[in-house]
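> My questions all concern the structure below.
Each value in this text was obtained by applying a stated rule to the coordinates, not by laboratory testing. None of these values were measured; they are calculated from a predicted model. Don't worry about glycine lacking a Cβ; one is built from the backbone with ideal geometry, like all the others, and counts go over all protein chains shown.
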Amino acid sequence: MPRSKAMNTQCLYFTERLTRAMGDLMEYPLTIVEAPMGYGKTTAVREAVGRAGITPHWLHVFTDDTDGFWNGFAELVGELDSDCGKSLVSLGFPNDAVSMSEALKLIARIKLSTPAVIVIDDYHHLDSNELNTFFELMSEGEPSGLHIALTARYTKFKRLEELKLKKRLHHIDSDTFALMPQEIADYFKACGITLNADQAQRLYKMTEGWISALYLFLLEYVSSGSFTNSESIYRLLEKTVYATMPEETKNLLLTVCVFDSFTRKQAEYVWGGSTAERILTELTDSNLFVTYDGRSRMYYIHSIFTDFLREQFEQKDA
């Protein structure tokens, strides 16, 4: 049993790896923080900008309304340069090469006395090729002291690798956020609970370092003194991931969840559907707890999501 002292379940914990990665945010014109829901993206960005001594200009995205987003973005820019903000509103959403060039010219004229950060939270809701291109081009402009940080469950930037090589884009993905066994032990210790190596390894095996799941296990221990009940985590997955999926996606996942890993051909064979490749591509592109290893050509479902799906499978057959 873990030993406990004064417990603080609200403790914020950041690994050294994540702290280093987030600390580089001010070194790049564009930073993309990309991970599935529940990995602490927003909190990490807020803390990183705060450590830099900067008050961020924050825009939370709720819908795919690009015109509405553009007006909100222009208002934030207007807090830095009133004339530029008004001009961007008048210009409207840049949906062609001419208007995009004009928008970039307007922003390039901004003169900042101190660095500024605009954070666009939940950017994935927009899913706009035009906006992706706009921010890619913006990152290549002359240094102005303006930094853009995008948090998203997934993105579809076409020039991601190119801009990373050019040192114009900083990309932080889920691997940077996921906690390893020793980091899990450190997180629980910071909250007042001491784990031994076996317990930390067990929690890692169950969660693959997903901080939301670890937090729910932490609350469970505080309440019951054990880590045996996954009900609250399954409710989280049901509400935020599974319930939003089309029926054919659910059916495919319930078919392949019996495997620890599988190929596209195996998925097509056991499911019997012709759209397996399209569905799997959508899942991996959307960062919905399914990953693809290009070397082995194997798909992997996050372990805790696999457990959830297998329980759904058992209930379906009951």
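> Relative contact order for the range 115-246: what is it in percent, counting Cα pairs under 8 Å that are at least 6 residues apart?
RCO, the range 115-246: 18 percent.
> Which shape class applies to the range 22-80: rounded if a/c is under 1.5, otherwise prolate when a/b exceeds b/c and oblate if not, where a ≥ b ≥ c are the square roots of the Cα gyration tensor eigenvalues?
Because a/c hits 1.5 or more and a/b fails to exceed b/c, the range 22-80 counts as oblate.
> Which aspartates and glutamates, if any, have their Cα less than 14 Å from the Cα of Lys167, not counting same-chain residues under 8 positions apart?
Asp24, Glu27, Glu136, Glu140, Glu142
> Would you work out the relative contact order for the range 81-170, in percent, from Cα pairs under 8 angstrom that are 6 or more residues apart?
In percent, rounded to a whole number, it is 30.
> Separate question: State, to one decimal in nm, how far the label point of Val222 lies from the label point of His125, with both points 7 Å from Cα in the Cβ direction.
2.8 nm
> Grab every C-alpha pair in the range 108-233, bin the distances at 5 angstrom width from 0 up to the longest one, and report whole percents.
Final binned percentages: 2, 9, 16, 16, 11, 10, 10, 11, 9, 5, 2, 0.
> Same structure again: Want the number for Glu140 to Ser296: 0.36 nm per residue separation, take away the alpha-carbon distance, what's left?
Here the segment from Glu140 to Ser296 would lengthen by 52.7 nm.
> What are the residues whose amide H is under 5 Å from the amide H of Ala116, where those residues sit 5 or more places off or on another chain and H is modelled from the backbone?
Placed amide hydrogens put Leu146, His147 under 5 Å from Ala116.
> Let me ask another. Against the globular-protein guess of 2.2 N^0.38 Å, express the Cα radius of gyration of the chain as a ratio, rounded to two decimals.
Against the empirical 2.2 N^0.38 Å value, I get 1.11 for the chain.
> Measure up Lys156/Lys239; Lys41/Lys164; Lys156/Lys250; Lys111/Lys166; Lys86/Lys156 against 27 Å on the Cα-Cα distance and list the ones that go over.
Pairs exceeding the cut-off: Lys86/Lys156.
> Same structure, new question: Relative contact order for the chain using alpha-carbon pairs under 8 Å, separation at least 6, rounded to a whole percent?
Normalised by residue count, the contact order of the chain is 21 percent.
> Under a 5 Å amide H to amide H cut-off, with H placed in plane at 1.01 Å, what residues pair with Leu150 once short-range neighbours are removed?
Sorted by chain and number, the residues that satisfy this are Thr31, Ile32, Val33, Ile120.
> Just round it to a whole percent: the fraction of Cα-Cα distances in the range 162-318 exceeding 21 Å.
53 percent
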